[in-house]
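Student: Take a look at this one; I'll ask things after.
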Amino acid sequence: MSRIRSLGTLFVLAALCASALAFAAAPAAKGKPAAGDKAAKIKKGEYLTTIMGCNDCHTPGTFYGAPDFDRKLSGSEIGWKGPWGVSFARNLTPDAETGIGYYSEDEIVHSFRTGIKPNGSPMLPPMPWPNFAAMSDEDLHAIAAYLLSLKPVKHAVPESVPPGQPWTGATIEIPAPPAWDAPRTTPASPAGK
Ligand code: HEC
């Protein structure tokens, strides 16, 4: 009987120890993510940017069948011409002057959700931010963390050109649609102005 009782006491002690250990571990889980979590988040961001076509527009050379992955996601000089003027897929590496080094992870996520950059200007077409706005917070944060983990590349792409202003560089023009495809209402200016 006393043997059974002491076994019982042992079980109770073991259970108490286990819950004390779990309690001690809990604050670590809630605090800063462990290094392994951060690496997994960045890996997921890399996977998402690869399958979501970011390199098509943002990595130099991709449209010519020769993406330059040494300068991965560092922007392209090809102009996208449409009713919004001419836009350029920007340098997404964290270079402070020519890339997005001035964005925080939260600001990148906010810009994907709203189509407004941290400086208050809109993300012009063909940047497909309305698709990204539907993504989960977890996925958007993974993409943002991945971009900020890239090797900074110094590469200034041209500033966007307002409608009606001349641009003579390489251009992909989105032609006006034929009548059957034209919007029934005039699209709102992407600048909201
Ligand atoms: C079809 C081409 C295209 C694709 C695909 C594309 N982008 Fe873009 N992106 C652009 C263009 C063009 C701009 C510049 C818009 C402007 O000037 O307002 C831009 C701008 C951005 C900006 C703002 C940079 C800044 O300096 O403010 C971020 C961030 C961005 N893209 C991230 C991404 C990510 C991440 C992906 C993939 C998940 C992606 N883009 C896919 C064309 C594209």
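Student: Would you mind working out the accessible area per residue for the stretch 35-181, using a 1.4 Å probe, and quoting it in Å²? Please list the in-between numbers first.
Tutor: Numbers: 8080 Å² over 147 residues.
Accessible surface, normalised per residue, equals 55 Å².
Student: Sort 76-87, 161-172 by packing, meaning the average of other beta carbons within 10 Å per residue, with the highest value first.
Tutor: On the way: 76-87: 19.0, 161-172: 10.6.
Result, highest mean first: 76-87, 161-172.
Student: Taking every eigenvalue of the Cα gyration tensor of the stretch 35-181, multiplying by 5 and rooting it, what semi-axes result, largest first, whole Å?
Tutor: Values: eigenvalues 137, 60, 45 Å².
Rounded to whole Å, the semi-axes are 26, 17, 15.
The values are calculated or read from the model by the stated rules, or taken from the named source; none is laboratory data. The structure displayed is predicted, hence computed values, not measured ones. In this analysis, Cβ positions are derived from the backbone assuming ideal geometry, glycine residues included, and neighbour counts consider all displayed protein chains. SASA here: full protein model, heavy atoms, side chains in, ligands and nucleic acids out. Shrake-Rupley method; radii C 1.70, N 1.55, O 1.52, S 1.80 Å.
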